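*Asks:* Below is a structure I'd like to ask you about.
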Amino acid sequence: MLLRLVWIGCLIVVGAASTLWFLNQRTHYTEAPTTATTNTPSVSFNGIQMIINSAEGAPQYKLSSPKYWLYHDEKRSEFELPDITIYRNNGSKIFAKALKGQTHDDNEVITLIGNVRIHQPKSGSEPHLLQIMTEKLTILPKQQRATTDSPVTAIRGPQMVTALGMTLDIDTQVLHLHSNVEGRYDP
C-alpha cells in the first residue's frame, strides 16, 4: 500500500512539472493598453499614408488613415479607420482594417480595435480567400504574428470556424485557435 502511495505521489509531481514546462514553452504576447491619455499629441495628420520599413530597408507594413496622432514622448501613435497592408516575407500581402488603432514601441506593435477584419487574397496554392474577424487584434509585423484573446471568426471558402482567441503566423498562415473552437463546413 505504501509503495502504491509513493508511486501516485511521483506521478503527480511529474505531471505538475510537465504542465509547468509546457506552459513556459508557449509564446505569449501581451496586448498593448488601448486607453487614450489626456496628453496632447506631438503631431497630428489628416489623410496619411506611410510605409514602415525594417532595419534592412524592406517594407514591413503600409498604413493609410484619415486621422493620425503621434505621441512622441510616449512612443505611440493613434489612428482612425486604419487600412493596413502587411508585407509577408515571401512577398505576398495580408490586409487589415478596423475602426481605430495604435502603434507602440517604435512601430513594433500594432493594436487594432473595433470591427477588425483581416483578409488574404486568393493565391495559386490556396484558391479561397482567408478572412478573420474580431474586435481587438495585436499585430507584430517583425515577428510576422497576429494575436487576440477576443472571440474570433475565421472563414476560408466553405469553412467557418469560431473560437475564443487565436494566433496567426502571418508568413506561413498557420492559424492556432486558443479555445472554445466550433466549426462549420458548407459544401
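FYI, it's all coordinate maths here, none of it is from the lab. All of these numbers come straight from a predicted model, not from anything done at the bench. Cβ atoms come from the backbone with ideal geometry, glycine included; neighbour counts cover every protein chain shown.
*Asks:* Fewest to most neighbouring Cβ within 10 Å: what's the order for Y87, Y185, Y71?
*Replies:* Y185, Y71, Y87
*Asks:* For A154, what charge total do you get from the other residues with a beta carbon under 13 Å from its beta carbon, if Lys and Arg give +1 and Asp and Glu give -1?
*Replies:* Overall, the nearby charge balance is +2.
*Asks:* If you consider only alpha-carbon coordinates, what radius of gyration and Dmax does segment 40-186 have, in Å?
*Replies:* 15.5, 51
*Asks:* Multiply the residue separation of S179 and D106 by 0.36 nm, subtract the distance between their alpha-carbon atoms, and state the gained length in nm to one decimal.
*Replies:* Contour length minus Cα-Cα distance gives 23.1 nm.
*Asks:* Taking other Cβ within 10 Å of each residue's Cβ, how do V109, V181 sort, fewest first?
*Replies:* With the fewest neighbours first, V109, V181 line up as V181, V109.
*Asks:* A follow-up question, please. If each of N89 and H72 carries a label point 7 Å out from its Cα toward its Cβ, how far apart are those two points in nm?
*Replies:* About 3.5 nm separates the two model spin labels.
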